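J.: The structure is given below, and queries will be raised subsequently.
The values are calculated or read from the model by the stated rules, or taken from the named source; none is laboratory data. In this text the structure is predicted, and so the values were computed from the model without any measurement. Cβ coordinates were reconstructed from backbone atoms using ideal geometry, including for glycine residues, and neighbour counts include every protein chain displayed. Surface accessibility is based on the protein's heavy atoms, side chains included, excluding ligands, DNA and RNA. Shrake-Rupley method; radii C 1.70, N 1.55, O 1.52, S 1.80 Å.
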Amino acid sequence: MGQFIGHMGGFFILAAAVMIVGMFFWESGIVKDKGSVAVAGKAAASAAAMGMVYYFFMAYLRNIFGGQTNFFDFGKIFTFFGLDKLLNLYQTPSFKESVSGLNMPLFIYALHFIGGLVFKQYAGTALFLNFLAAAGGAVCIGRIALELWGESASSRAVFAVLALPFAFALFTPGCFGIVFGLAACAAYALYKKKTVLYVILTIAAILTSKLGLLALLFLIPAKMSGVSEFVRKLPGLKAVKNPYIRIGTLLLVLAINGFVIMLTMGGAI
């Protein structure tokens, strides 16, 4: 019960901070288009819902493979991908460890500071921030899909991306969700030809994790002629429009994703 109260208390404080930021954007007039807000809200809600499903599925599998475990004991749920070591690093950061492997120091030290303010709930804070960043990344993906293919394709694009194998890692207390969110925002900035913003977001992604280097790959399609036109025509292709191919592809991706999660939670990865 103590863990539950501690985590929920931390979540409420962070949620209040997010609401304040959202109200600032709304009241300042930066966000004006109600239609865009509705699409963004739908994308963020879809991402959060999928993240909850992933989390409870991982917690369930941990109960199966590792014995009875409290769903709110994040330190015992997330013992794969080296997340257990990362959780310790949030509490006592070390620069040498923060640049080892795929790690980079930005998120580790930022989490150490923020988690210290929120009742020292480092694991819960990391989990919440990754949920938030994954939702933000989903909003950017939804916005790109909205402008390319229309509103009906926006939620499908978000679901397709978050159903890919290893997408569940975005909702863990690592830095995967943060990198995804920053990279997706960088992609949207590049799509809108906001070069300076793209550079800033890409640098932030790289300083969060070496996986952030993947944001540089967005420069390839951006510099290739004809890519944008081809992407716009994708929904009209017969193979893409065929409902049987769509359903079959979705089921295959979900099956692979489930298999990867089971291997991961079983300790094979």
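J.: Applying the selection to segment 205-248, what residues are free of Cβ contacts under 8 Å to residues at least 40 places away in the same chain and within 22 Å of the chain's Cα centre (by Cα)?
T.: Hits for segment 205-248 are 205, 213, 214, 215, 216, 217, 218, 219.
J.: In addition: Check off (1) surrounded by 13 or more Cβ atoms within 10 Å (Cβ to Cβ); (2) closer than 25 Å to residue 146 by Cβ; (3) at pLDDT 90 or above for residue 203 and give me the number that stays unchecked.
T.: Just one mismatch for residue 203, condition (2).
The rows are residues; the columns are (1) aromatic (Phe, Trp, Tyr); (2) under 19 Å from residue 129 (Cβ atoms).
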| residue | (1), (2) |
| --- | --- |
| 183 | no, yes |
| 198 | yes, no |
| 204 | no, yes |
| 220 | no, no |
| 246 | no, no |
| 249 | no, no |
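J.: For segment 57-75, enumerate the residues that are open to solvent by 30 Å² or more (accessible area, probe 1.4 Å), farther than 16 Å from residue 134 by Cβ and either in a helix (DSSP H, G or I) or among the polar types (S, T, N, Q) (or both).
T.: Listed by number, the residues that qualify are 60, 62, 63, 64, 65, 66, 68, 70, 75.
J.: With a cut-off of at least 1 residues that are at pLDDT 85 or above and surrounded by fewer than 10 Cβ atoms within 10 Å (Cβ to Cβ), name the helices (runs of 4 or more DSSP H) lying wholly within segment 220-269.
T.: 243-265
J.: Quick check on segment 76-88. Is at least one of its residues of a type outside the set (D, E, K, R), open to solvent by less than 30 Å² (accessible area, probe 1.4 Å) and in contact with a His (Cβ under 8 Å, 6 or more places away or on another chain)?
T.: The answer is no, given that none of the residues of segment 76-88 is of a type outside the set (D, E, K, R), open to solvent by less than 30 Å² (accessible area, probe 1.4 Å) and in contact with a His (Cβ under 8 Å, 6 or more places away or on another chain).
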